[in-house]
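Worksheet for the structure shown next.
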Amino acid sequence: MTETIELTAESIPEGEALQLTQAGLQLDQARASGDKAQLAAALEHNMQLWIAIRTLVTSAGSKVPENLQGNLTRLANFVAQTTMKHGVDSPDNVIDTLVNINLQISEGLLEGHKS
């Protein structure tokens, strides 16, 4: 289940929020299934999403405020490091953390866009 992740300036924040929510749900469902291949695919997808976010917010011409750039970059690095460290053997609390990060950032993006 490899899917190309395309984020553009036009897709921020709604597209990003939707993708983060979907990736979080995929992680949760993969964990619940007990299928390591499904979990590996969900972890890979989530990490690719966060790498795409980091790339987008740090690219030349990004209109994302510096403080938000820094926060999203740190989260992207955390997600990548955590995923690489634990992989499919991630304990439930690590998967919970990844899911919660996605859902909280998704909510924050949508709330910030309403303002």
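Here, each number is a calculation from the coordinates, and none is a lab measurement. Given the structure is predicted, the values throughout are model-derived calculations rather than measurements. Backbone-built Cβ (ideal geometry, glycine too); neighbour counts: all protein chains shown.
Numerical summary
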{"item": "In nm, spacing of pseudo-spin labels at Ala40 and Ser62 (7 Å Cα→C-beta vector)", "result": "3.1 nm"}
{"item": "Which labelled figure in (i) 0.96; (ii) 1.01; (iii) 1.08 is Rg/Rh (Cα atoms, Kirkwood Rh), once derived from the coordinates", "result": "(i)"}
{"item": "Helix-only mean residue ellipticity at 222 nm for the chain, each DSSP H run of n ≥ 4 adding -39500 (n - 2.57), per residue, nearest 500", "result": "-26500 deg cm²/dmol"}
{"item": "In order through region 51-62: 3J(HN,Hα) via Karplus (6.51 cos²θ - 1.76 cosθ + 1.60), integer Hz, x for Gly, Pro", "result": "5, 5, 4, 4, 4, 5, 6, 9, 6, 4, x, 4"}
{"item": "Burial ordering of Arg31, Arg74, Arg54, fewest other beta-carbon atoms within 10 Å first", "result": "Arg74, Arg54, Arg31"}
{"item": "Burial ordering of Ser90, Ser62, Ser33, fewest other beta-carbon atoms within 10 Å first", "result": "Ser33, Ser62, Ser90"}
{"item": "Crossing angle, helix 92-114 versus the chain [Cα axis fit, 0-90 degrees, rounded to tens]", "result": "20 degrees"}
{"item": "Among Asn93, Ala23, Gly61 the positive-end extreme of the charge dipole of the chain (Cβ point charges)", "result": "Gly61"}
{"item": "Taking Ser106, Ser59 and counting other C-beta atoms within 10 Å, the order from fewest to most", "result": "Ser59, Ser106"}
{"item": "Tilt relative to the chain, helix 66-86 - C-alpha long axis, 0 to 90 degrees, to 10", "result": "10 degrees"}
{"item": "Loop sites in region 15-115: GluC sites (Glu not before Pro), DSSP, at most 13 other Cβ within 10 Å", "result": "none"}
{"item": "Total formal charge among the other residues, if their Cβ is under 11 angstrom from that of Ile105, Lys/Arg +1 and Asp/Glu -1", "result": "-3"}
{"item": "Gln69/Gln29 FRET efficiency (R0 25 Å; Cβ-Cβ; nearest 0.05)", "result": "0.20"}
{"item": "Relative contact order %, the chain, counting alpha carbon pairs below 8 Å whose residues are six or more apart", "result": "40 percent"}
{"item": "Asn100 paired with Gln22, simple spin-label distance in nm, labels 7 Å along Cα-to-beta-carbon", "result": "2.6 nm"}
{"item": "Extension gain, Glu107 back to His86 (0.36 nm per residue minus Cα-Cα distance, nm)", "result": "5.0 nm"}
